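Beneath this line is the structure, given in structure tokens, with notes to follow.
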Amino acid sequence: MARVYPQQPQIFCKKKRPPFLPVVPEEIIFESILTRLPVKSLFRFRCVCKSWCSSISDPRFVQNHLTLVKSHDGLEHWRVIFQYPWRVLKSCSLSNIFHELKGCSVDLDYPMRKARLNVEIVGSCNGLVCLCFRHQENLLIMWNPSIKEWKVIASCATGSPPKSAYGFGYSQSFDDYKLVQLAIGKTGKPRTNVYSLRADSWKSIEEFPSEIASEPSSGKVVGGALNWGVDVRPNNSWMIVSYDLAEERFETLSQPDCISQETKQTLKVMGGCLCILCVRFRVCVDIWMMKEYGVKESWTKLVSVKYPWNLTPSQLSKSLCFMKCNGILMFLGNYLAIFDMDGKTYKYPVIYGVMDCEEADIYIESLVSPNAHNATGSETLTVNEQEIEVSSRMASE
């Protein structure tokens, strides 16, 4: 006979609930958390829901994010953009260059790439990069490579002369991005036209203060003003001419006593200050910094950089120059180099894909849209006898 065992009484225990997680207010999420994230993450987060997409695209959020990333001491949000002679643009992280001393450059799918036009970098400001296509009647485009949005700038009513110099900057007083064109003729002072992104229109302004002997490089923005280093007639003397983006007027800046016929001067921006590179070919380059914008007495010789080998003038023509933590990033021929101002030594980052680069510039990753003040749309451009439809946004989200 089988034994019958008494059944054990079943004990029912209530499962412990996980600790209650407080709900984080959306104000804290957007103002204190998301504003500190990189653009790549925020670009993906716009797909979470319609309200997130709207909040991340809001001008206030965009400005708060830009302010935080610009105040950050690190280089995670900064990139170098390289221009090549075969209609190619590439970019690389500044953090990889400075901290890891190695990395790879990546191809950029820039506007009008399929049209196979020669492209030129005019300048960058707050994440927007201005491109010029010289062989297409100086077609100009404002482009944010981080969010893949861009805008074709309407042609100037006065036309585009064969030679034009440009400057691209931001007027904080009017919250407006402006592009200045110096239309250089065979004789006389350059005709000056200014494009306003907010108004989406051009206007002609006062004449340039001097006759230019040769076409200058793109203007450098410092202190709310664009600055050009120009050779002026009749004696080809070098001078600095600035254009105040808010006051809309030209003036001539004082320069240090280092300027002479024995050196070639190049205007740069380093550490947020206007700098002059006095190049002594095959020997060294003296770097002078204007520590207080517009004050002649603030010109200070920062450092004298001796070249590690003999360099020809053509090998010193590239414009990249960036300073961080007492290190100066520059091109020496086809090589990137970081000059240590303390130890007076060089480091050579190994960045694949930067050989044969023509020009380079620095831009910050931001959410600033070139279409913030204008409706997006499309237009048809005639390029190489072919009609190409150009939309204001490069890729779908």
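What follows is calculated from the coordinates using simple rules that are stated; it is not laboratory data. Please read these numbers as outputs of a predicted model, since none were measured by experiment. Note that each Cβ is placed from the backbone with ideal geometry, even for glycine, and that neighbours are counted across all protein chains shown.
Details
- Region 26-67: C-alpha gyration tensor shape, a/c 1.5 cut-off, then a/b vs b/c: rounded
- Per-residue ³J(HN,Hα) for region 270-277, Karplus 6.51 cos²θ - 1.76 cosθ + 1.60, θ = phi - 60°, Hz, x for Gly and Pro: 9, x, x, 10, 6, 10, 10, 9
- In terms of the mean number of neighbouring beta-carbon atoms within 10 Å, the peptides 142-149, 214-221 order highest first as 142-149, 214-221.
- Ala213 long-range amide H proximity, modeled H, under 5 Å: Asp231, Val232, Arg233
- Sorted on the mean count of surrounding Cβ atoms within 10 Å across their residues, most packed first, peptides 60-70, 244-254, 363-373 read 363-373, 60-70, 244-254.
- Under 5 Å between amide hydrogens, built in the peptide plane, is the criterion, and for Leu89 it picks out Leu108 among residues at least 5 positions away or on other chains.
- Close amide H partners of Ser369, meaning residues 5 or more places away or on another chain with modelled amide H under 5 Å apart, do not exist here.
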